[in-house]
Amino acid sequence: MKFGIHSFQEAGFDIIALRDQETGTQVEIIPAYGALLHAFKVNHTQGTLNLIDSYKDLPDLEANLRSSFKSVKLSPYACRMNKGEYTWEGNAYSIRKTLGPGNAIHGLLYDAAFTVTEQQANDEQATVTLTHHFRETDDTGYPFAYDCIATFTLRAGNELLLSTTIVNKHNGNIPLMDGWHPYFTTGTPADELVLTFASKEIVEFNEKLIPTGKLLPYTTFVTGKPLKGVELDNSFVLDRSKPQPLAAIHDPKKNINIAFFPGNNYPILQIYIPPHRKSIAVENLSGAPDAFNNGLGLVQLAAGESKVFDTRILVTL
């Protein structure tokens with residue numbers, strides 16, 4: 001077969017890997033911690049490159065997961081929630097799983113254990129599906145049972161598909177926001193990269209990075225812009241009138257291009273450049289930060305209903 005799947009242990013992690021046997025491209029996932037996308041390894045003229053800025057080992061993850069949230073599944077909300085509180089169908093809720101009083105961020109599954117529920121490899125692709133069953137008793141601030149099913153598919157040409165299916169197991173409507181939090185690196189500092197994305201509006205934030213509810217015109221990166229000296233921790237509304245890919249990171253030194261093809265259920269793009277400026281987070285989101293309060297992209301699922309959120313990443317060398 002042209003594609004394969006294998007599991008192994010490394011640096012304290014149990015890893016499942018999807019591999020293109022012909023090119024050596026390999027995608028590695030850590031199910032035990034938020035279905036973490038640990039590696040996207042490609043063969044370059046300079047050797048094997050891991051395009052994901054991940055954790056070097058288990059102690060690194062345990063020390064830094066709750067400050068960086070690198071490459072984990074964001075569910076049932078993403079980014080910040082104002083004071084960790086929201087109202088749903090007339091009832092007030094307060095998220096219990098917080099980083100501190102009133103500091104709720106990046107959902108409830110970022111450190112949750114997922115179980116491998118399906119895997120398949122053939123001449124066309126390798127795919128693995130991971131599932132987490134969230135119970136209504138897991139957090140009193142979100143007493144709604146649901147299944148989070150994350151599927152990773154590696155295809156020829158360094159193409160990775162990320163798909164999440166959310167199934168409402170509650171007996172009523174539930175509020176929902178979905179997203180991913182991958183950090184990308186080519187080994188080249190962010191200041192030497194060029195970022196492009198099709199956006200027509202930026203979500204206005206207050207000083208606490210909580211949306212004000214306003215959308216402002218924004219087209220700065222439509223034709224591409226070098227990142228030297230640029231600071232970003234912002235949400236943008238994607239312009240669907242533009243052709244895919246709707247975002248791309250280009251490394252002109254190594255001639256690497258990482259392109260993003262978000263599905264229609266991911267209308268928001270969050271970009272974050274950490275202070276060390278060695279990588280860049282490109283986050284596909286179904287809604288804006290604090291969507292549970294401002295309603296910007298908030299998804300409502302009826303009892304028994306499911307919804308799919310998908311994006312595609314294509315690497316060219």
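Observations on the model:
- Among the listed pairs Lys70/Lys214; Lys73/Lys242; Lys41/Lys254, those beyond 25 Å (Cα-Cα): Lys70/Lys214; Lys73/Lys242
- Across the stretch 188-261, Cα pairs under 8 Å and at least six residues apart give a relative contact order of 39 percent.
- Carbon and sulfur %, accessible surface of the stretch 162-317 computed with the full protein complex present, 1.4 Å: 50 percent
- Using the Karplus relation 6.51 cos²θ - 1.76 cosθ + 1.60 with θ = phi - 60°, the per-residue 3J(HN,Hα) values for the stretch 115-132 come to 10, 6, 10, 6, 8, 7, 9, 8, 6, 9, 6, 10, 9, 9, 10, 10, 10, 10 Hz, with x marking Gly and Pro.
- Rounded, prolate or oblate (a/c below 1.5 giving rounded, otherwise prolate when a/b exceeds b/c) for the chain by Cα gyration tensor: oblate
- Helix-derived mean residue ellipticity, 222 nm - over the chain, DSSP H n ≥ 4, -39500 (n - 2.57), to 500: -1000 deg cm²/dmol
- Phi-based couplings in Hz for the stretch 162-170 (Karplus 6.51, -1.76, 1.60; Gly and Pro marked x): 10, 10, 10, 10, 10, 10, 6, 9, 7
- The GNM of the chain, with springs linking C-alpha atoms under 10 angstrom apart, assigns the highest mean-square fluctuation among Ser71, Ser54, Ser306 to Ser306.
- For the chain, averaging the sequence separation of C-alpha pairs within contact (under 8 Å, six or more residues apart) and dividing by the residue count gives a relative contact order of 17 percent.
- If the Kirkwood radius is taken over C-alpha pairs of the stretch 91-136, then at 10 °C and 1.306 mPa s the Stokes-Einstein diffusion coefficient equals 116 µm²/s.
- Sum of side-chain charges, Asn264 neighbourhood, beta-carbon under 15 Å (Lys, Arg +1; Asp, Glu -1): +1
- Whichever lysines have a C-alpha closer than 17 Å to that of Lys253, once near sequence neighbours (fewer than 8 apart) are set aside: Lys225, Lys228, Lys278
The values are calculated or read from the model by the stated rules, or taken from the named source; none is laboratory data. Computed from a predicted structure; not experimentally measured. Glycine also receives a Cβ, built like all others from the backbone with ideal geometry; neighbour counts cover every protein chain displayed. These area figures cover heavy atoms from the full protein model, side chains too; ligands, DNA and RNA do not enter into them. Shrake-Rupley method; radii C 1.70, N 1.55, O 1.52, S 1.80 Å.
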